1. For segment 56-63, does any single residue satisfy the condition of being without any contact (Cβ under 8 Å) to a residue 60 or more places away in the chain, more than 30 Å from Ala225 (Cα to Cα) and surrounded by 11 or more Cβ atoms within 10 Å (Cβ to Cβ)?
2. Just the residues that are on the phi < 0 side of the Ramachandran plot, under 18 Å from the mean Cα position of the chain (by Cα) and not in a helix (DSSP H, G or I), please, taken from segment 144-196.
3. Hey, among Arg261, Arg195, which residue is at pLDDT 90 or above and closer than 22 Å to Gly146 by Cα?
4. Select from segment 1-53 the residues that are among the polar types (S, T, N, Q) and at negative phi and list them in ascending order.
5. As an exercise: evaluate Leu251 against (1) of a type in the set (A, V, I, L, M); (2) assigned by TED's automatic domain parsing to the domain that holds Gln229; (3) not in a strand (DSSP E or B) and give the number of the one condition it does not meet.
6. Which residue is nearest to Ile253 (Cα to Cα), if the candidates are limited to segment 320-337 and must be assigned to a strand (DSSP E or B) and either of a type in the set (Ser, Thr, Tyr) or at pLDDT 85 or above (or both)?
7. Are there any pairs with C-beta distances below 7 angstrom linking a residue in segment 26-39 that is over 10 Å from Ala16 (Cα atoms) to a residue that is among the hydrophobic types (A, V, I, L, M, F, W, C) and crowded, with 16+ Cβ neighbours inside 10 Å, with the two at least 6 apart or on different chains, and if so which?
8. Taking the criterion of being of a type in the set (A, V, I, L, M), in contact with a helix residue (DSSP H, G or I) (Cβ under 8 Å, 6 or more places away or on another chain) and crowded, with 18+ Cβ neighbours inside 10 Å, would at least one residue in segment 259-276 satisfy it?
Amino acid sequence: MNDVLIIRGVFVVVLATAAYFLKPFNLEAWVAGLLGVITGIAIVLFEIRLGQVTLKRLIGAAAGSVLGIFGAYLMSLVIGSAVPNNPSTVPFLQLLILLMMTYVGLVVGANKGDMLNLAALGGLFGGEKSQAQQLKVLDTSVIIDGRIADIAETGFLDGVLIIPQFVLRELQLVADSADSMKRNRGRRGLDVLQRIQKMPALNVQIVEEDFPHVREVDMKLIELAKLLQCKIVTNDFNLNKVAQLHGVEVLNINELANALRPVVLPGELMRVFIQREGKEHNQGVAYLDDGTMVVVDNAKRFINKTIDIAVTSVLQTTAGKMIFGKFDDRQHAVHDNRPERPQRETSSAAPQPLAAPPANE
């Protein structure tokens, strides 16, 4: 980004210097130099805006402009022969038609350009959509969460990770908060970003695009995803729903975590460590290593012990998965120590039980 700013600055200076010494339109040197600066800034602003436009819109705008100019030329021939030869009226009408047709063709072509199917042409044009789909915008919550760095290290994330400047500002505000908890979360998010940037296999880009008319950061993310035609990576449930309503694809880290949890079927045997008492009578509660809660009947007396249980049901909620099980003195064993690591026990008489890894005490 700094290199682009330097190139833009050099371009404006060179254009202003050339105008100062060449003095176009017989202007004074300082007036010509000022005109060169204004012209250079206008060109840079046009280039910035043009960089935000998709290839479809560019092709549509170019085709519309060419058709508009061609139509204006044909109409100018008719006007030149139909209107009495007037040294001021005819040139004005011809210029008016040229500007009008070019403007209309440019605007209409750009708006209708989204209807083009460039992927059907293959080659260079077909690669734009696939490249856009590889862009992923990270929101503040998923950066603070930190699991995105672990996922990136495994190689499951490809393409380009986009970090908007307004997300960095929000992270900095959280890191500078007077609340110690918020301050620690913000600093954790900045550390996660540094960790991601140091990964050689990832391409992390910080973009300056902002939407001053949009106040909420979540809506800014949605507008940026629409502009870049990319996906949003988040673990925010509300942002997930709002983005889907706007037609923006979302990669939710929490949904990924839920999908990777082990599948447990009713009747399966499981070994768990009972950590505390449950809400109902004679219940014990255990946790798997992924945070899944296991509620066990007849297990209150086995707190701080490892027991074998039979799974009775599995409940899937929006917050995650809950497993319900039952301990039977006649069928299941009690172990004094916690299991050191998760493992499956094989048995010819019963299905393979899932041994639950210990949770933190």
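The values are calculated or read from the model by the stated rules, or taken from the named source; none is laboratory data. Quick caveat: nothing in here was measured; it's all calculated off a predicted structure. Neighbour counts run over all protein chains shown; Cβ positions are idealised from the backbone, glycine included.
1. Within segment 56-63 (the criterion being without any contact (Cβ under 8 Å) to a residue 60 or more places away in the chain, more than 30 Å from Ala225 (Cα to Cα) and surrounded by 11 or more Cβ atoms within 10 Å (Cβ to Cβ)), the answer is no, since none of the residues qualifies.
2. Passing the criteria: Phe156, Leu157, Asp158, Val160, Leu161, Ile162, Ile163, Pro164.
3. Of the residues listed, the single one that is at pLDDT 90 or above and closer than 22 Å to Gly146 by Cα is Arg195.
4. Asn2, Thr17, Thr39, Gln52
5. Tallying (1) of a type in the set (A, V, I, L, M); (2) assigned by TED's automatic domain parsing to the domain that holds Gln229; (3) not in a strand (DSSP E or B), Leu251 fails exactly one: (3).
6. Taking the candidates together, the pick is Met322.
7. Leu27/Leu35
8. Yes, segment 259-276 contains a residue that is of a type in the set (A, V, I, L, M), in contact with a helix residue (DSSP H, G or I) (Cβ under 8 Å, 6 or more places away or on another chain) and crowded, with 18+ Cβ neighbours inside 10 Å.
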